[in-house]
Amino acid sequence: QLKALIRLALEHTRDLRVAALNVEQARAQAVLREADLWPTVNAGLGGNRLPTNSGGVSTTVTGGLATTAYELDLFGRVRQQAAAAQAQLRASEFLQAAARSSLIAAVAAAYVNLQADEALLRITQDTMRSREESRQIVLGRVKAGAASQVDLAQADALVQAARAAWAQVQRQKAFDVSTLGLLVGRPL
């Protein structure tokens, strides 16, 4: 069940999609910076065939090779920019992995908290039932004259404390269900 919840969280969490997009953006930036290390080369070839006045054909062929936007990297600025872009790419990849790990850890912790809430809820229900049974015994003793009203008031206070603890655990369980739903990206 935990594996299914983690799989849902990984599929539906927007933060991971944003982290993946940041990695792609950093990858594109790194490719652009590495391209700056090499000259841009353009080649062209053209030709004309025109009739001449003497009845022949004149053929002209032109070709060219041009480099544009090339900077000699005498002081290493372009190479350093390319290295910085690679470092930024690695940092983005690490951030994506960290976000993924954090999400998995948060889902696992919320799941464990929910399991603990359910166990605690069963215990508090048993405690509440036990306290109510004890109150009934004390009430019988009061009617028989073997216990005082103080004993009954103490039994009532214990029952109320158990009910309050049960309500608190129910509230905590609802909170943990909500937290897990937020992490998974949909209601459970």
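The values are calculated or read from the model by the stated rules, or taken from the named source; none is laboratory data. Just so it is clear, the model here is predicted, and its values are computed rather than measured. Because the Cβ atoms are built from the backbone with ideal geometry, glycine has one as well, and the counts that use them run over all protein chains shown. Surface areas here come from the heavy atoms of the whole protein model, side chains and all, with no ligands, DNA or RNA. Shrake-Rupley method; radii C 1.70, N 1.55, O 1.52, S 1.80 Å.
Using the Stokes-Einstein relation with a Kirkwood hydrodynamic radius computed over Cα pairs, the translational diffusion coefficient of region 103-163 at 37 °C and a viscosity of 0.692 mPa s comes to 243 µm²/s. Calculation over all alpha carbon pairs of region 1-105 in 10 angstrom steps from 0 returns a P(r) of 13, 22, 18, 15, 12, 10, 6, 3, 1, 0 percent. Convex hull volume of the Cα atoms of the chain, normalised per residue: 179 Å³.
Could you tell me what percent of the accessible area of region 121-188 is made up of carbon and sulfur, with a 1.4 Å probe and every protein chain present? Here carbon and sulfur together make up 58 percent of the probe-accessible area. Taking all protein chains together, Val18, Val78 sort by accessible area into Val18, Val78, largest first [probe 1.4 Å]. Give the residue from Ser130, Trp166, Ala99 lying farthest towards the positive end of the charge dipole for the chain; charges sit on Cβ (+1 for Lys and Arg, -1 for Asp and Glu) and the dipole is referred to the Cα centre. Toward the positive end, the furthest listed residue is Ser130. Helices of the chain meeting both criteria, an alpha-carbon length of 20 angstrom or more along the long axis and an average Kyte-Doolittle score not below 0.0, with helices taken as full DSSP H segments, are 149-184. Between Gln149 and Ala98, the simple label model (points 7 Å from Cα in the Cβ direction) yields a spacing of 6.6 nm.
For Leu37, nonlocal amide neighbours, meaning residues 5 or more places apart or on other chains whose placed amide H falls under 5 Å from its own, do not occur.
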